[in-house]
Amino acid sequence: SAPELQNQPRSIAVVGGGIGGMAAAFYLRQEFGAGVGIDVFEPDAVGGRLATVKIGDHEYETGGSVIHPLNLHMKHFIEKLGIRPREDVHSKMAIFDGKELTFEESDWFLVNFLRMLWRYGFSFLRMQMWVEGILDKFMRIYQYQQYGYSFSTVDRLLHAMGGDSFLTLVNQTLEEVMMGEGFSQIFLNDIVAPITRVKYGQSVRINAFVGYVSLAGTDSGLWAVDGGNKRVCSGLLYHSKSELITARVTSISLKLRPSKTGTTTTFYEVNYVGESGSAHTLYDIVVIATPLHQGKSDITFTGFSPPIPSHYPGRYHQTVSTLVHGLLNMSYLGITEPASQFTVTDILTTDTRGCAINSLSSLDPVHIPQGYQQPPASQAKVWKVFSQQPLSQEQLRDMFLSWDSVSETRWLAYPSYRPPQRKTPPFILHNRLYYLNALECVASAMELSAMAARNVALLAHHRWHQQAGKIDQEDLHIRLRGEL
Ligand SMILES: Cc1cc2nc3c(=O)[nH]c(=O)nc-3n(C[C@H](O)[C@H](O)[C@H](O)COP(=O)(O)OP(=O)(O)OC[C@H]3O[C@@H](n4cnc5c(N)ncnc54)[C@H](O)[C@@H]3O)c2cc1C
Ligand SMILES: CC(C)=CCC/C(C)=C/CC/C(C)=C/CSC[C@H](N)C(=O)O
């Protein structure tokens, strides 16, 4: 029989074992039940861009590190998996212009408030209110997904959350939108640019939607997973009872097979290469959970009409994450006070020519041991430097008086966000072939991968069972008002 007429699909492939792929496995299991076989293909470490490195006796995050308190999917995962959030550690921010610190947060709320008021008027408060307003609309997606609604395109999903205003955010720069809201160029240069630089390694000319995500990423209450964020990925793999296939998918072909009833059935043949050579398997449904972009993955699609490209337009931005266990050179930051009194943990940078780094942060381990105390800057400790290019020995010598270990990870980290957004890639590549990372074209964050995973699992379910009423419904926020 045609697969659509069967009660359930027999087998599903998920390509990619990052948070998106593992969340997809979790939600696909939730939608399709225990009977379906789910295989997850991942050639490298489970976790993808969530990864840790070991320095001394401890592990440290080198990729995705912080989670927003209102990222409800990530919160739900750790509750379901019985994992705790990492213990909270003190953080304090400063801004560096390549020569000196132009702003240093105080331990006193009132002092920070008055300093900001003095320099920028009420811009700071207005920015927080602007971010909150967007967050209110962003949160609508949780209600839609709880009621089982899904969206066939990124534009429809964004529109359902925030109407035309969300589509405008994607197609204009953060600079344009904030200037339009009355924020000054000085405020953008001094405060907003350091935030977009630490979050996405890019300027205020990123799209305003990912700009908003950057600003939300400075809210209070950010958290991380005890033992490392990648634990969520291995936990979801286990919880979803999926099979991990340690292999790289090379191509996906459309196959037609005659069925007993005389009709033909379509399958997806997933071709892959693992340690024991190459092989292929047929699946009813396939979810691609890796960016289809140059340098990220190289999957060929054959037999599809219209053809599916291996790579969508647009490039990924390089962010190099360098973890140094060493002694900070205070004079690099233009600081004359004794290192023992320097308690800043996160140094953001302005968009100044000659400033080679995006940020410099004192890093705490993924698990905070009992009695742990952040070492002062006068002691050797772990620092994380984000830069677009790898750091030279000379740059390291400028920043550190001495070091005993350096660990460098070169990430093709997130898209280069340059609005206006070209047509966003589709969630639906073919009948039962889905593309989760389509959403990353507007913003990249763990929660967005999880959200896309749930959307794709719901889409796959509704399309299999021909439940069109749960796809692309308009005005959901009005129709569901008062439902929760
Ligand atoms: C330095 C850095 C800092 C960040 N900080 C934060 C943060 O603080 N908070 C936040 O929310 N987000 C952060 N992010 C973004 C966040 O990490 C990503 O949005 C998220 O992890 C993406 O998950 P994913 O599963 O969609 O993709 P990935 O994690 O990239 O997973 C895709 C997986 O697919 C695999 N793959 C590729 N090709 C194939 C193939 N052909 N066959 C099979 N498998 C394949 C890859 O090996 C990879 O494991 C950061 C990212 C970086 C790089
Ligand atoms: C999706 C929503 C509403 C919020 C996500 C907010 C968030 C946590 C954004 C961070 C995204 C990101 C790519 C951060 C990279 S740098 C993180 C850095 N290590 C830091 O600690 O600031």
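So, with a 1.4 angstrom probe, what is the percent of accessible area on region 290-410 that is carbon and sulfur?
47
Which one, ILE55, GLY303, SER340, projects farthest toward the positive side of the charge dipole computed for the chain from Cβ point charges (K/R +1, D/E -1)?
Working it through, the farthest residue towards the positive pole turns out to be GLY303.
Just to make sure I understand: if all protein chains stay in place, what is the order of TRP223, TRP403, TRP118 by accessible area at 1.4 Å, largest first?
TRP118, TRP403, TRP223
Rounded to the nearest 500, what is the 222 nm mean residue ellipticity of the chain from helices alone, with -39500 (n - 2.57) per DSSP H run of 4+ residues and division by all residues?
-9000 deg cm²/dmol
Specify whether the C-alpha gyration tensor of the chain places it in the rounded, prolate or oblate class, a ≥ b ≥ c being the square roots of the eigenvalues: rounded for a/c under 1.5, otherwise prolate if a/b is larger than b/c and oblate if not.
It comes out prolate by the Cα gyration axes.
Nearest 20 debye, what's the magnitude of the dipole of the chain about its Cα centre given +1 on Lys and Arg Cβ and -1 on Asp and Glu Cβ?
1220
Pop out the ³J(HN,Hα) list for region 15-30 in order, Karplus 6.51 cos²θ - 1.76 cosθ + 1.60 with θ = phi - 60°, rounded to Hz; leave Gly and Pro as x.
9, x, x, x, 5, x, x, 6, 5, 4, 4, 4, 6, 5, 4, 4
Using amide H atoms built in the peptide plane, which far-off residues or other-chain residues are under 5 Å from LEU101 H to H?
Residues meeting the criterion, in which the H sits 1.01 Å from N, do not exist here.
Work out from phi, with θ = phi - 60° and the Karplus expression 6.51 cos²θ - 1.76 cosθ + 1.60, the ³J(HN,Hα) of each residue of region 472-478, listed in order in whole Hz, and give x for Gly and Pro.
For region 472-478, the Karplus-derived couplings read 6, 6, 8, 6, 4, 5, 7 Hz, x marking Gly and Pro.
With an 8 Å cut-off on Cα pairs and a minimum separation of 6 or more residues, tell me the relative contact order of the chain in percent.
The value is 26 percent.
Under the classification rounded if a/c is under 1.5, otherwise prolate if a/b is larger than b/c and oblate if not, where does region 361-426 fall, given a ≥ b ≥ c as square roots of the Cα gyration tensor eigenvalues? Write out the running numbers ahead of the final one.
Numbers: a/c = 3.37, a/b = 1.73, b/c = 1.95.
It comes out oblate by the Cα gyration axes.
Under 26 Å Cα to Cα from LYS54, which lysines show up? Leave out anything in the same chain fewer than 8 places away.
LYS54 reaches LYS75, LYS92, LYS199, LYS230, LYS296, LYS381, LYS384.
Order the peptides 171-177, 66-72 from the highest to the lowest mean number of other Cβ atoms within 10 Å of their residues.
Answer by packing, highest mean first, reads 171-177, 66-72.
Amide H of PHE400: which non-local residues (sequence gap of 5 or more, or other chain) have their own amide H closer than 5 Å, using H built in the peptide plane?
ASN329
Spelling out what I want: for every residue of region 171-184, take phi, set θ = phi - 60°, compute 6.51 cos²θ - 1.76 cosθ + 1.60 (Karplus), and round to whole Hz; glycine and proline get x.
Listing the rounded values in order: 9, 10, 7, 4, 4, 4, 5, 6, 5, x, 7, x, 7, 7 Hz.
The values are calculated or read from the model by the stated rules, or taken from the named source; none is laboratory data. Keep in mind that this is a model prediction, so the values were computed, not measured. In this analysis, Cβ positions are derived from the backbone assuming ideal geometry, glycine residues included, and neighbour counts consider all displayed protein chains. When the accessible area is computed, the model is the full protein with side chains, heavy atoms only, and any ligands, DNA or RNA have been set aside. Shrake-Rupley method; radii C 1.70, N 1.55, O 1.52, S 1.80 Å.
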